[in-house]
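Reading through the structure tokens given below for one structure.
None of the figures in this text is laboratory data; all of them are computed from the coordinates on show. This one's a predicted model, so the numbers in the text were calculated from it and none came from an experiment. Quick reminder, even Gly has a Cβ in these numbers, built from the backbone with ideal geometry, and neighbours come from all protein chains shown.
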Amino acid sequence: MSNMHQSWLPVASDSDFSVHNLPFGIFSDLRGRRAGVAIGDFVIDLAEAYDLGMFPEYKLKENVFRKPVLNDAIKLGRAFSRYVRTVLQNALCNPYSSLHQHADSLLIRMQDVQMHLPLQIGNYTDFYSSEEHATTVGKLFRPDNPLFPNWKHMPVAYHGRASSIVVSGTPVHRPCGQIGTGDMPVFAPTKALDYELELAFVVGMDSELGKPIPVSCAEDYIFGVLLFNDWSARDIQRWEYQPLGPFTSKNFASSVSSWIVTMDALDAFRNDLAEQSPEPLPYLMHENRCGFDINLTIGISPAGLEEFEVAATNSRQLYWNISQQVAHHTVTGCNLNVGDLLATGTISGSSSPEKGCLLEATSGGKNPVSLKNGIQRTFLEDNDEVVMRGYAQKGDIRVGFGELRGKILPPASR
Ligand code: CA
């Protein structure tokens with residue numbers, strides 16, 4: 001990847017959506033819901049571009065971009081999305097391209113569109129891959145036994161809920177549930193509502209039931225990456241999580257960002273990972289094991305007040321990588337389908353600003369986080385908006401995810 005690409009469309013140097021990125025999403029305006037690619041402050045209308053014959057190498061039975069989700073376009077394989085991005089990259093750098101000639105109809109201002117959940121998500125799995133997060137949370141829930149003995153031998157995960165995954169900007173009502181208080185549980189709105197900053201990998205190819213995916217080719221099954229917020233009600237979680245793990249404390253909502261950043265766009269931002277000790281079993285041993293160097297931040301904006309950054313971390317430190325997660329997920333023969341999400345688990349580092357959830361940042365609610373003007377938070381309050389951002393940068397090449405926003409509303413009336 002070079003920075004030879006000079007686009008005729010002005011793109012700010014700090015834009016997440018540079019010509020190197022070209023992430024895919026689903027948007028709508030008065031002309032309906034369809035697929036688009038983000039560039040600067042604009043959306044390229046892929047459905048219209050396809051009808052104009054901009055992708056002649058693919059003669060499809062139907063326009064896969066004029067659909068309410070990206071699943072069918074993703075099913076055409078990595079070669080197809082790579083081709084579409086290359087065509088668009090060339091067109092954006094060629095002032096005589098049909099994209100430039102038809103810019104009036106093909107380029108739509110981002111402010112004039114609404115973004116939607118980009119996928120039909122069949123299944124969602126949440127891993128637990130940050131050693132810092134697992135150790136710190138483990139200490140809060142089990143002081144004597146923070147990291148279970150299996151943790152360094154396998155990417156631990158639970159099967160999450162796909163039906164309640166919502167797109168950035170969708171508000172989330174404070175959930176009510178069972179909260180342990182000693183002898184008898186009470187039914188009440190959670191008093192310990194939290195976010196969890198994660199990345200979600202989007203499955204881009206179906207695998208066969210009964211056939212484990214080898215770690216060496218696991219990444220072929222991934223299309224791209226989203227920001228992910230795994231909302232969590234800690235008081236409900238503390239009471240319900242044993243023995244089978246989180247359930248209603250997390251199934252009320254999870255939020256994803258709008259634009260899927262492709263694995264091709266992230267290729268330049270890989271980082272080497274230290275050898276794992278103890279050495280994992282052979283099916284998890286991966287030559288050239290790498291992570292992704294993505295800067296991540298979390299901001300909270302209380303009602304009527306400006307946003308305050310409460311965390312800044314990076315995904316490069318995760319102990320288990322996506323290839324190992326795919327290999328482990330399928331080792332017993334479980335199949336993956338296009339549109340499934342595999343989330344990393346909360347991404348935290350060792351220093352205090354690197355905490356990917358409030359449970360960690362406040363040591364279980366004991367030490368509040370200070371926002372501006374003397375405002376503090378132990379957990380989220382009604383009308384707080386949580387904003388997550390992520391980007392990778394090398395020299396002046398920047399590839400970002402845009403924003404993942406979610407505002408907390410009071411409990412829904414029943
Ligand atoms: Ca999580």
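Counting beta carbons within 10 Å around each of ASP382, ASP340, ASP267 and listing the fewest first gives the order ASP267, ASP382, ASP340.
Going from the residue with the fewest nearby Cβ atoms within 10 Å to the one with the most, ASP183, ASP112 rank ASP183, ASP112. Using alpha carbons only, the radius of gyration of the chain set against its Kirkwood radius gives Rg/Rh = 0.97. Since only SER277, LEU22, LEU226 are under comparison, the one whose Cα sits farthest along the positive direction of the charge dipole of the chain, derived from C-beta charges on Lys, Arg, Asp and Glu, is LEU226. The residues neighbouring ASP206, those whose beta-carbon lies less than 14 Å from its own, together hold a net charge of -1 under the Lys/Arg +1, Asp/Glu -1 convention.
For n ≥ 4 DSSP H runs only, could you compute -39500 (n - 2.57) per run for the chain, divide by its residues and tell me the 222 nm figure to the nearest 500?
Value at 222 nm, helices only: -4000 deg cm²/dmol.
Modelled label positions at GLU62 and VAL166, each set 7 Å beyond Cα in the direction of Cβ, lie 2.9 nm from each other.
Electrostatic bookkeeping for LYS366 treats Lys and Arg as +1 and Asp and Glu as -1; over the other residues with beta carbon under 15 Å from its beta carbon, the sum is +3.
If the Kirkwood radius is taken over C-alpha pairs of the range 26-172, then at 25 °C and 0.890 mPa s the Stokes-Einstein diffusion coefficient equals 133 µm²/s. Label sites at ASN295 and GLU279, each approximated as a point 7 angstrom past Cα along Cα to Cβ, lie 3.8 nm apart.
Over the range 129-272, the Kirkwood radius and the radius of gyration, each from Cα atoms, give a ratio Rg/Rh of 1.00.
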